[in-house]
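Below: the structure, in structure tokens.
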Amino acid sequence: MSFISHLAQRTWTSVKMPFIKTNPDKKLFTPGPLSCSQSVKEAMLRDLGSRDEEFLNIIKLIRQKLVDIGEVPPEEFTTVLLQGCGTYAIEAVFQTSTPRCGGRVLILSNGAYGQRMKKICDISSIPCDIFEFPEDSAVEVAKVKEQLRKGDQYAVVAVVHCETSTGVINPIEELGQAVKHYQPQAAFFVDAMSSFGAVPIRIQNGHIDYLVSSANKCFQGVPGFSYIIARKSELLKCRGIFLLLFKIIL
Ligand SMILES: *Cc1c(COP(=O)(O)O)cnc(C)c1O
């Protein structure tokens, strides 16, 4: 036996993981990741190469199904899958859609996840204003209209649909309509992490350009990937801003 295979065998046999066999799964009562059903776990028992036709077809199907669930026309919308948590996808949208020269973001916030959007922009050096509302009430459409009418011109206006920290649901349809009316140049970006798949969302009515969610919230899939339902015409405007999302759809 060669030294390497001897070492490999020793390392392998010395790794003992009896807890995997003896401990049943915990019931997760976290906002996410959630407990995965047996059928989801069973679907992961096969190995597939990332260039396999079968794998590519599965990815195609997942992207298509997400557009279907969003009830948007596939000619106008596409889904981008990202191998990262929900926060990663939120960062990807800000980084990808905000022009580096003169692009400014407005965040409508009434809780912890709105604050996190602000932090993401600050860390990424994206100029950003935050319009804050109390945590125990929804973002107020009339005040937002006033801000959009008199405020700066924004490249992106972002809001959380369901503020998971409090459960408050924001009126995204009216907000999106206000954005398109007062600032038609702005992309409307909704974090629907804890609502997409559970609370009906009319993407078209709300003029939503980017909707972000992750596999492990309402769909109870495995943690570790997120997705963006994006309006193709907006996504195409991002060419040259940042390559993260764009590389994936090409
Ligand atoms: C959970 C959650 C996030 C963050 O998602 P992660 O996958 O934990 O990074 C962002 N926004 C909202 C509204 C959430 O509920």
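The values are calculated or read from the model by the stated rules, or taken from the named source; none is laboratory data. These numbers were taken from a predicted model, which means no experiment stands behind them. Here Cβ is always computed from backbone atoms with ideal geometry, including for glycine, and neighbour counts include all displayed protein chains.
List every residue pair whose Cβ atoms lie under 6 Å apart, where the two residues are 6 or more positions apart in sequence or sit on different chains, the first residue falls within the range 181-199 and is without any contact (Cβ under 8 Å) to a residue 60 or more places away in the chain, and the second residue, located anywhere, is within 12 Å of the ligand (Cβ to nearest atom) and of a type in the set (S, T, N, Q).
Going by the 6 Å Cβ cut-off, the qualifying pairs are A192/S213.
Could you please find all residues in the range 56-79 being of a type in the set (A, V, I, L, M, F, W, C) and touching a Lys or Arg at 6+ places or on another chain (Cβ under 8 Å)? Write out each step before concluding.
We begin by selecting, within the range 56-79, every residue of a type in the set (A, V, I, L, M, F, W, C); these are 56, 58-59, 61-62, 66-67, 69, 72, 77.
The answer is F77, and nothing else.
If you go through the range 82-94, how many residues are at pLDDT 95 or above, away from the ligand (no atom under 11 Å from the Cβ) and not aliphatic (A, V, I, L, M)?
Total satisfying the criteria: 1.
Among (1) in contact (Cβ under 8 Å) with a residue 24 or more places away in the chain; (2) in contact with a strand residue (DSSP E or B) (Cβ under 7 Å, 6 or more places away or on another chain); (3) surrounded by fewer than 22 Cβ atoms within 10 Å (Cβ to Cβ); (4) part of a helix (DSSP H, G or I), which single condition is Q115 missing?
For Q115, the exception is condition (1).
Hey, among L81, L106, which residue is part of a strand (DSSP E or B), surrounded by 18 or more Cβ atoms within 10 Å (Cβ to Cβ) and on the phi < 0 side of the Ramachandran plot?
None of the others qualify; the one that does is L106.
Of the conditions (1) loosely packed, with under 15 Cβ neighbours inside 10 Å; (2) hydrophobic (A, V, I, L, M, F, W, C); (3) free of Cβ contacts under 8 Å to residues at least 40 places away in the same chain, I130 satisfies every one except a single condition; which number is it?
Status for I130: all satisfied but (1).
Among V190, V157, which is the only one that is buried (at least 22 other Cβ atoms within 10 Å of the Cβ) and more than 16 Å from the ligand (Cβ to nearest atom)?
V157
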